[in-house]
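Peer 1: Okay, handing you the structure first.
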Amino acid sequence: MTGSLEQIAGTMEVRDTHRFDVAALERYMRDHVAGFAGALTVRQFVGGQSNPTYHLRADGQEYVLRRKPPGKLLPSAHAVDREYRVISALHGTGVPVPRTYALCEDASVVGTPFFIMEHVPGRVLIDPRLPGVPVAERAHIYDAMNEVLARLHTVDWQAVGLAEFGRPGNYFARQIHRCTTHYRASETETIASMESLIAWLPDHIPADDTTTLVHGDYRLGNMIIHPTQPRVVAVLDWELSTLGHPLADLGYNCMPYHLTGDSMEGFEGGDLAKLGIPNEEDYVAAYCRRTGRAGIEDWNFYVGFAMFRLAAIAQGIMGRVLAGTANDANARQRGERARPLADTAWAVISEPAGDPG
């Protein structure tokens with residue numbers, strides 16, 4: 001299925017469960033992707049625990065394909081059509097996104113709906129501690145990530161055609177209900193801290209009901225950093241994007257400040273100055289300056305909510321592991337994070353309320 005293709009960083013041979021008819025895709029691309037020609041070679045990106053993602057090459061041109069995974073799916077999950085819509089709408093707004101080429105909702109082509117976008121070269125930096133990146137460059141990368149998030153939250157979502165992309169207002173109540181529903185659908189054990197969060201969160205939603213376009217999974221691992229410069233050249237993985245509350249994105253983006261680095265991709269307790277990474281207080285203050293906020297009340301709620309939501313997602317991954325439909329080789333490890341994430345969320349929420357830092 002892969003043909004002759006040099007090893008693309010971060011890719012592997014296509015998993016047996018994710019193979020498809022390459023000839024059928026070639027036919028589709030000839031009809032729907034301007035300038036497409038030649039025979040396709042295909043590799044699969046190593047990540048993509050939610051939506052399988054592939055690197056395509058034909059006649060010297062490179063593309064990326066994202067598709068829904070095979071198997072039974074949770075309602076509204078794996079929304080590649082929404083990803084395609086928001087990425088297309090953001091083109092030209094100053095938020096760096098790949099160019100989109102085509103959306104195919106006909107499952108007969110590769111087995112599930114998919115879309116095709118440009119391949120953006122650069123660095124994908126999964127670990128928030130940025131090992132392998134010069135210390136002097138790290139603060140600039142964090143500042144670039146902060147700036148792009150502020151840009152996203154100041155996009156005029158109505159002007160770019162996303163007025164119907166979600167329901168303005170009441171975001172946290174709806175998300176808490178949805179996460180709880182998805183968690184219950186994939187529940188494999190009783191997690192006491194998750195039960196506490198499910199009971200506590202709906203009664204402690206802050207009064208601030210701002211609506212912006214939100215990414216839903218905004219972190220370093222979901223963006224491409226320029227190959228040699230500390231700037232963001234593309235933000236990826238928009239399947240959770242909607243109209244929502246900007247501080248949900250910011251709280252999620254700041255989770256590493258509260259997570260350990262051994263298994264949770266964080267740097268709690270680490271020497272941030274030595275790492276060359278801004279502390280949480282300064283990072284949040286920079287975001288507030290860029291978005292015109294005087295400060296943030298109830299910060300613990302936003303971080304705790306972000307962890308609760310991620311715990312629910314982790315439980316969904318574990319459900320797919322047990323069902324045999326998980327797409328990531330590390331899916332079990334990710335699924336096992338549900339309990340420690342819920343425990344940490346409850347600990348954060350139980351701390352005295354206040355501003356970050």
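Peer 1: Using only Cα atoms, find the angle between the long axis of helix 80-90 and the longest principal axis of the chain, and express it within 0 to 90 degrees, rounded to the nearest 10.
Peer 2: 80 degrees
Peer 1: Here is a follow-up. Helix 338-350 sits at what angle to the longest principal axis of the chain, using alpha carbons and giving 0 to 90 degrees rounded to 10?
Peer 2: The angle comes out at about 30 degrees.
Peer 1: Same structure, new question: Heavy-atom accessible area of residue 108 with all protein chains present, probe 1.4 Å, nearest 10 Å²?
Peer 2: Result for residue 108: roughly 90 Å² accessible.
Peer 1: Quick check: from the Cα gyration tensor, does segment 150-280 come out rounded (a/c under 1.5), prolate or oblate?
Peer 2: Oblate, because a/c is 1.5 or more while a/b does not exceed b/c.
Peer 1: What do you reckon, how do 141, 313, 8 stack up by accessible area (1.4 Å probe), largest on top?
Peer 2: Descending accessible area places them as 313, 8, 141.
Peer 1: Sticking with this structure for a sec: Could you go through segment 235-251 in sequence order and give the Karplus-derived ³J(HN,Hα) for each residue, using 6.51 cos²θ - 1.76 cosθ + 1.60 with θ = phi - 60°, rounded to whole Hz, and x for Gly and Pro?
Peer 2: These are the phi-based 3J(HN,Hα) values: 9, 10, 6, 9, 5, 9, 5, 6, 7, x, 9, x, 6, 5, 5, 5, x Hz.
Peer 1: Highest GNM mean-square fluctuation, the chain, Cα pairs closer than 10 Å: which of 272, 213, 341?
Peer 2: In this elastic network of the chain, the residue with the biggest mean-square fluctuation among 272, 213, 341 is 272.
Peer 1: Moving to a separate point now. Enumerate the amide H contacts of residue 11 below 5 Å, restricted to partners 5 or more residues apart or on another chain; note that Pro and chain-start residues carry no placed amide H.
Peer 2: 46
Peer 1: When ligands, DNA and RNA are left out and all protein chains stay put, how many square angstrom of accessible area per residue does the chain have with a 1.4 Å probe?
Peer 2: 43 Å²
Peer 1: Here's another thing I want to ask about it. For helix 135-153, report the angle its Cα long axis makes with the longest principal axis of the Cα atoms of the chain; keep it between 0 and 90° and round to the nearest 10°.
Peer 2: Helix 135-153 and the main axis of the chain meet at about 90 degrees.
Peer 1: Taking a ≥ b ≥ c as the square roots of the Cα gyration tensor eigenvalues, with a/c under 1.5 meaning rounded and otherwise prolate when a/b beats b/c, else oblate, which class fits segment 43-194?
Peer 2: Cα axes put segment 43-194 in the rounded bin.
Peer 1: How much of the accessible area of the chain, probe 1.4 Å, is carbon plus sulfur, in whole percent?
Peer 2: 49 percent
Peer 1: Rounded if a/c is under 1.5, else prolate if a/b is larger than b/c, else oblate: which is segment 177-219, with a ≥ b ≥ c the root eigenvalues of its Cα gyration tensor?
Peer 2: Taking the square roots of the gyration eigenvalues as a ≥ b ≥ c, segment 177-219 is oblate.
Peer 1: Normalised by the number of residues in the chain, what is the relative contact order in percent for Cα pairs under 8 Å and 6+ residues apart?
Peer 2: Contact order relative to length: 17 percent.
Peer 1: Express the relative contact order of segment 183-323 as a whole percentage, based on alpha carbon pairs under 8 Å and six or more residues apart in sequence.
Peer 2: 29 percent
Peer 1: Now, a different point. Ranked by accessible surface with a 1.4 Å probe, highest first, in what order do 346, 299, 157 come?
Peer 2: 346, 157, 299
Peer 1: Can you list residues whose amide H is under 5 Å from residue 125's amide H, if they're 5+ apart or on another chain and H is modeled 1.01 Å from N?
Peer 2: Amide H to amide H, under 5 Å and 5 or more residues apart or across chains, residue 125 pairs with 223, 225.
Peer 1: Here's another thing I want to ask about it. Given 10 Å bins starting at zero, what is the percent of C-alpha pairs of segment 143-212 in each, up to the one with the largest pair distance?
Peer 2: Going from the shortest bin to the longest, the percentages are 16, 34, 30, 19, 1.
Peer 1: Please give the calculated 222 nm ellipticity per residue for the chain, where each DSSP H segment of at least 4 residues contributes -39500 (n - 2.57) and the sum is spread over every residue; nearest 500 deg cm²/dmol?
Peer 2: Result for the chain: -11500 deg cm²/dmol, rounded to the nearest 500.
The values are calculated or read from the model by the stated rules, or taken from the named source; none is laboratory data. It should be emphasised that the depicted structure is a prediction, and the values quoted were computed from it without experimental measurement. For the accessible areas, the whole protein counts, side chains as well, though only heavy atoms, and no ligand, DNA or RNA atoms are used. Shrake-Rupley method; radii C 1.70, N 1.55, O 1.52, S 1.80 Å.
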